[in-house]
Structure formats: structure tokens, C-alpha cells
1. Kindly state which strands (runs of 3 or more DSSP E) lie completely within region 34-110 and contain at least 1 residues that are out of contact with any helix residue (DSSP H, G or I) (no Cβ under 9 Å at 6 or more places or on another chain).
2. Report every pair of residues separated by at least 6 positions or lying on different chains whose Cβ atoms are under 6 Å apart, first residue within region 58-69 and modelled with pLDDT under 95, second in a loop (DSSP other than H, G, I, E, B).
3. For region 85-108, which residues satisfy the criterion of being in contact with a Phe, Trp or Tyr (Cβ under 9 Å, 6 or more places away or on another chain) and either surrounded by fewer than 11 Cβ atoms within 10 Å (Cβ to Cβ) or not aliphatic (A, V, I, L, M) (or both)?
4. Which residues, counting only those in region 64-79, are out of contact with any His (no Cβ under 8 Å at 6 or more places or on another chain) and closer than 17 Å to L49 by Cβ?
5. It is to be established whether one or more residues within region 27-36 are among the charged types (D, E, K, R), surrounded by 14 or more Cβ atoms within 10 Å (Cβ to Cβ) and either at positive phi or modelled with pLDDT under 70 (or both).
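The values are calculated or read from the model by the stated rules, or taken from the named source; none is laboratory data. Values in this document were obtained by computation on a predicted structure and should not be read as measured data. Ideal geometry is used to build each Cβ from the backbone, glycine not excepted, and the neighbour counts take in all protein chains shown.
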Amino acid sequence: MRSWVHLYYFFPTPYSLLPLNQLVRDAKTHLKHQYNWYKTANKAKWNNLTEVQAVYPQTEAVGNLTVFNIKGNKYRLIVDLVYSDQIIYIKYILTHAEYDKDEWKNDPYF
């Protein structure tokens, strides 16, 4: 049986500019919550947004992407869900403040 989550992770621009020690410090705060999301998503057989929202009610579609709230809405996990292939492309993991700047919406796939 094929696993649902195949991680294709693209580091967001804000993280690529951070010093390594700050990146590690910031990552420690959200990696546990991201891993919990990953474990759930890896077992899921989602076919549409409604099924995703049954597990994660705060999830929303924004453009062609899907936005999950991580760690009580402190972080936003922005992904491309390809339901037909059961693949998730992780596009961005942003703080709420970074998300609100809307720079991620410049992604050509948005």
C-alpha cells in the first residue's frame, strides 16, 4: 500500500535567510507539531477538502493550495494536496505574521 504523504519540502524564503542557530531554535518550536500532523496525514486517505476538515477543522483552501494551522494557529503549513495521487507537496511553513504578509501568494502555482 502506498503512503499518502510524500514530502517534497521547499524551504520558505524567510527561513533561507536566517542564521542557522536561529533556524534551529525556531524549528524546535514547531517540528513536534509538524511531525504530529505528518503522522496523521500519512495514515489518512483524503479525497477532498471536506474530509481533511473532518480531521483538521481550521484547514482552508487558498488558491490552489491548502493551509493548515499548526500549534494553535502560531504556524501555517501550506501544502499542495494532490488527492488523485495521494501526494502532499509541502510548500511553506510560516509563522502567522509571515503568512499575513501574503508573500507566499507570489508562488507561481498559487
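1. The qualifying strands (runs of 3 or more DSSP E) are 75-82, 87-95.
2. Listed by first residue and then by second, the contacts come to G63/F110; N64/Y109; F68/Y56; F68/T59; N69/Q58.
3. Hits for region 85-108 are Q86, Y89, K91, Y92, T95, H96, E98, Y99, W104, D107.
4. Restricting attention to region 64-79, the residues satisfying the condition of being out of contact with any His (no Cβ under 8 Å at 6 or more places or on another chain) are 64-69, 72, 77-79.
Within region 64-79, N64, L65, T66, V67, F68, N69, L77, I78, V79 meet the criteria.
5. Within region 27-36, the subset among the charged types (D, E, K, R) is 28, 32.
Restricting the remaining residues to those that are surrounded by 14 or more Cβ atoms within 10 Å (Cβ to Cβ) gives none.
Within region 27-36 (the criterion being among the charged types (D, E, K, R), surrounded by 14 or more Cβ atoms within 10 Å (Cβ to Cβ) and either at positive phi or modelled with pLDDT under 70 (or both)), the answer is no, since none of the residues qualifies.
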